[in-house]
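Here's the structure, in structure tokens; my notes come after.
The values are calculated or read from the model by the stated rules, or taken from the named source; none is laboratory data. Remember, predicted model here, so these are calculated numbers, not experimental data. All Cβ positions, even for glycine, are placed from backbone atoms using ideal geometry, and neighbour counts span all protein chains on display. Surface areas here come from the heavy atoms of the whole protein model, side chains and all, with no ligands, DNA or RNA. Shrake-Rupley method; radii C 1.70, N 1.55, O 1.52, S 1.80 Å.
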Amino acid sequence: MALPTLKAIKYKRGSLELLDQTKLPDTFEYVRIAEVRDAWEAIHHMKVRGAPAIAVTGALAVAAWAHTNRDRLHTLAPEEAAGEVEAALHSLRTARPTAVNLFTAIDQLTALLHASAAADGATAATTIEAFVCACEKMFALDVKDNEAIGRVGFEHLKQRFGRPVSLLTHCNTGSLATAGYGTALGVVRAAHAAGQLQHVYCTETRPYNQGSRLTATEIVFEKMPGTLITDSMAAALMKEGRVDAVVVGADRVAANGDTANKIGAFF
């Protein structure tokens, strides 16, 4: 049975809203992204955070802008329309210097724009439509990928332990950091949905406290059996044998399988 999750992103064609994560956990407030500059501000000021969510937000913000301005864009030559959309995309590069997912999405969408504009029989309308559809597909694919991560991760835990597990996680890798469901927290979510989560511990994650403000909020929202701990308690918790496995995100994954995350993940 699918369990309800918090949504960082609300989108329908031509409209984008983001849950303002700077106000969590006290206030649940969605902000309207009416212009591409609004998305830049939201990303820069961490109203939306998490590499997957940042990339999807950037793409959907430009898609919503392009759809809203389609009547004007449709009067242009295909390459001119593609150039305007490309400029809007690239304006987001400075919003967050470490947002590699965003940069990758911008590069992929830029290539798609120009390929669409150069296709036989292309018009500005077909170019814009191809772009908007690609952004929407990116949104849906991120959720699908996250669900797969949760499913595969949980299957590994099930094979390894064969019983309900106690897990420890760091920072926020849940539905608030992605287009939906979550990556590392998605593994926890899958275990909970299967009735195989004994307990989940989340660290506060200093200095920005993504764990205490965001992960703990997701745990409470979904009624998971969980406990918020200070970062310095993780080692003692593991020494006492109260943690079966640690599930954390990865800011980078090398070709050989090595991973890198924020320093707190080392515990």
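Over 30 Å between Cα atoms: which of LYS47/LYS223; LYS23/LYS144; LYS158/LYS262; LYS23/LYS239 fall into that group?
Exceeds cut-off: LYS23/LYS239.
Does the stretch 138-267 come out rounded, prolate or oblate, given a ≥ b ≥ c as the square roots of the eigenvalues of its C-alpha gyration tensor, rounded meaning a/c under 1.5 and, failing that, prolate meaning a/b above b/c? Spell out each step's value before the answer.
Values: a/c = 1.26, a/b = 1.11, b/c = 1.13.
In terms of gyration-tensor shape, rounded.
Within 10 Å, count the other beta carbons around each residue, average over each peptide in 217-227, 18-28, 236-246, and list them highest first. Don't skip to the end; give the middle numbers.
On the way: 217-227: 17.8, 18-28: 16.0, 236-246: 13.4.
For the peptides 217-227, 18-28, 236-246, the packing ranking is 217-227, 18-28, 236-246.
Quick check: pseudo-label points 7 Å beyond the Cα along Cα→Cβ at ILE263 and VAL220, how many nm apart are they?
So the label points at ILE263 and VAL220 sit 2.9 nm apart.
Identify all lysines with a Cα-Cα distance to LYS137 below 18 Å; exclude those on the same chain that are fewer than 8 residues away in sequence.
Output for LYS137: LYS7, LYS10, LYS12.
Given a 1.4 Å probe and the protein chains all in place, what does the accessible area of SER232 round to, in Å² to the nearest 10?
Counting only protein heavy atoms, the figure is 100 Å².
Return the label of the correct value of semi-axes √(5λ) of the Cα gyration tensor in Å, as calculated from the structure shown, out of (i) 38, 18, 16; (ii) 33, 28, 20; (iii) 40, 26, 22.
Only one option fits the structure, namely (i).
Starting from the Cα of ASP71, step 7 Å along the direction of its Cβ; do the same at GLN159; then give the gap between the two resulting points in nm.
5.7
Rolling a 1.4 Å sphere over the protein heavy atoms, what is the accessible area per residue of the chain, to the nearest Å²?
Counting only protein heavy atoms, the per-residue value for the chain is 48 Å².
What is the distance, in nm, between label points placed 7 Å from the Cα along the Cα-to-Cβ direction at ALA250 and at ASN209?
3.1
Place +1 on the Cβ of every Lys and Arg and -1 on the Cβ of every Asp and Glu in the chain, take the dipole about the Cα centre, and give the residue among PRO97, PRO52, ALA260 whose Cα lies farthest towards its positive end.
Farthest towards the positive end: ALA260.
So, how do all the Cα-to-Cα distances of the stretch 1-144 break down into 5 Å bins, in percent, from 0 on up?
P(r) over the stretch 1-144, rounded to whole percents: 2, 10, 21, 22, 20, 12, 7, 4, 2, 1, 0.
When the accessible area of the chain is computed with all protein chains present and a 1.4 Å probe, what percentage of it is carbon and sulfur? Don't skip to the end; give the middle numbers.
Working: 7130 of 12790 Å².
Carbon-and-sulfur percentage of accessible area, whole number: 56.
Is the stretch 1-82 rounded, prolate or oblate when judged by the Cα gyration tensor, a ≥ b ≥ c being the square roots of its eigenvalues, rounded requiring a/c under 1.5 and prolate requiring a/b larger than b/c? Don't jump to the answer; show the numbers that get you there.
Numbers: a/c = 2.54, a/b = 1.99, b/c = 1.27.
Cα axes put the stretch 1-82 in the prolate bin.
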